[in-house]
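What follows draws every value from the coordinates through simple rules; no lab data is involved. The shown structure was predicted, so the numbers you read here are calculated from the model rather than taken from an experiment. Glycine gets a Cβ as well: all are built from the backbone with ideal geometry, and neighbour counts include every protein chain shown.
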Amino acid sequence: MAGNDPRGRTPLSLVGQDPDLLFYTRQATGPGGPVLVLGSANGRVVWTLAQAGLSVLGVDPSERMVQASEEVRSSESVEVSGRVRLMHADLRSLRLEERFRVVLAPHHALGLMATLEDLEALLATVRHHLEPDGLFVYDVLNPQAEPSAPDHEDEEPGSAVAPRRPVFTFHLRERKRPGAPSGIHRLKFKPFSSEELEAAMKTSGLTPRERYGSFEGKPFDPADAHHIGVVDG
């Protein structure tokens, strides 16, 4: 499908966008919406997809991140804003009745699972919400190029993210409120190899299709800093 080629032509409206936003927009506009973004963080991907005309649900385990994403709404048109829903939930246990043509896990969301069991639980969430023949796309940091996770407790939600820095690090620092449900704040950073990720996907009924080492479409190499995958549901 032409819309799934990250090396294809760039729509004029997306010229100048960051490579990851271009990549995810190309992947999602091929199949079309609705799109589920697991680990929506401060909303970069969610709002970019909405601007491209897609209906999007962004889910994040951090209330702080959901609030940061929600703050963008006032700067968007009524039309774009109407395409976006935001939700605070644990990605491992999310179970909605609706299904999606595309599920995305950007910002190293898969790599923030503490164990293979947590990873498989998140992938079960992906599988549950995908329409038949739907598309799952993700990016993670490659463990061979990944230093130990630094402490970014004082970073602002919208601050720039340097390469090889997990965007959700401050999620792990959040304190549990009395009576609040358990969430990703209880997880510890653990990178998974591309082989572990693909094995877990196959166990979950997902079929890995393509792997890239950059958002520009470079074929994946074990020395790459990023592992970017396109998976059939």
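Taken along the Cα-to-beta-carbon direction at a fixed 7 Å, the label points for residue 209 and residue 223 span 3.0 nm.
Descending by average beta-carbon neighbour count within 10 Å, the peptides 94-100, 117-123 line up as 117-123, 94-100, the highest first. With a Förster radius of 35 Å applied to the beta-carbon distance between residue 73 and residue 128, the computed FRET efficiency rounds to 0.80.
Treating each Cα of segment 45-145 as an identical point scatterer and ignoring solvent, apply the Debye formula and state log10 I(q)/I(0) at q = 0.11, 0.17, 0.21 Å⁻¹. The Debye formula, applied to the Cα set alone, gives -0.36, -0.84, -1.21. Descending by average beta-carbon neighbour count within 10 Å, the peptides 57-65, 124-132 line up as 57-65, 124-132, the highest first. Over segment 12-87, the Kirkwood radius and the radius of gyration, each from Cα atoms, give a ratio Rg/Rh of 0.94. Were the residues from residue 18 through residue 63 laid out at 0.36 nm apart, the gain over their Cα-Cα distance would be 13.7 nm.
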